[in-house]
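J.: Can you read through this structure? Questions will come right after.
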Amino acid sequence: MNSADLHIRREVAVSMAINTVFSGAFFLAVFGLGRPVPVWGLGHYVFDFGPQAFAVAFMSTLVPSALSRKALRAGRVASRPSSLRLPTHLLLRALVLAAPAAVVALAGAAAAFAVLGVAVLGWGVALAIKLAVGAGLALVITTLALRATLAEHVA
């Protein structure tokens, strides 16, 4: 495994850990401690998947990409080819990944909970799902963002 692949694995693991913690903190801020969580309605559980996915995807793109560019310039990581092409401007790249992530997460949560017919979730179950979504989004988005970043400098 080359240094670029190791770099991606390391940064993805860090991103997953950080975004899991952030997802938990925001869950606590929005839904509190130990109370059942209403699923439907503005500001309730399903609605929260949109802002959560946007924030996780945005930060999972912006921060690791900026750090990876710095590592590339310093020669601490090698570039790697990739067919994935994203905007080179980091804010635009973050928006390009965050907006669809938010739409897909919100639509997916709405569809899943509608099919399941769930109106209220137990607090622990609701938290576990949000933590898993934060980690899963960070895994996917950070990987995509870093593959594009490390391909920017392929000679």
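J.: Expressed as a whole number of Å, what is the distance separating the alpha-carbon centroids of region 57-82 and region 109-124?
T.: That distance is 37 Å.
J.: Here's something else I'd like to know. For 59, 16, give me the order by solvent-accessible area with a 1.4 Å probe, most accessible first, ignoring ligands, DNA and RNA.
T.: From most accessible down to least: 59, 16.
J.: Excluding residue 24 itself, calculate the net charge of residues whose Cβ lies under 15 Å from the Cβ of residue 24, where each Lys or Arg counts +1 and each Asp or Glu counts -1.
T.: Summing Lys/Arg as +1 and Asp/Glu as -1 gives 0.
J.: Turning to a different aspect of this structure: Which whole-number value in Å² is the accessible area per residue of the chain, probe 1.4 Å?
T.: 51 Å²
J.: Could you please put 9, 93, 147, 73 in sequence from largest to smallest accessible area, using a 1.4 Å probe?
T.: 73, 9, 147, 93
J.: A further question follows. Considering the zone a paramagnetic label at residue 14 would reach in this model (a point 7 Å from Cα along the Cα-to-Cβ line), which residues of region 68-102 have amide N under 13 Å from it?
T.: Hits in region 68-102 for residue 14 at 13 Å: 68-72, 76-77.
J.: Can you list the residues, at least 5 places off or on another chain, whose amide H is less than 5 Å from the amide H of residue 121, using H built in the peptide plane?
T.: 37, 39
J.: So what is the diffusion coefficient of the chain in µm² per second by Stokes-Einstein at 4 °C and 1.567 mPa s, using a Kirkwood Rh over Cα pairs?
T.: 80 µm²/s
J.: Something else about it: Can you compute 3J(HN,Hα) from phi for each residue in region 19-30, using the Karplus curve 6.51 cos²θ - 1.76 cosθ + 1.60 with θ = phi - 60°, rounded to whole Hz and x for Gly and Pro?
T.: Result, rounded to whole Hz: 6, 5, 5, 4, 4, x, 5, 5, 4, 4, 5, 7.
J.: I would also like to ask the following. Given a 1.4 angstrom probe, I'd like the percentage of the accessible area of region 46-88 that is carbon and sulfur, rounded to a whole number.
T.: 64 percent
The values are calculated or read from the model by the stated rules, or taken from the named source; none is laboratory data. Every value quoted in this text rests on a predicted model; they were computed, and no experiment measured them. Reconstructed Cβ throughout: ideal geometry from the backbone, glycine too, with neighbour counts over all protein chains shown. Accessible surface areas use protein heavy atoms only, side chains included; no ligands, DNA or RNA. Shrake-Rupley method; radii C 1.70, N 1.55, O 1.52, S 1.80 Å.
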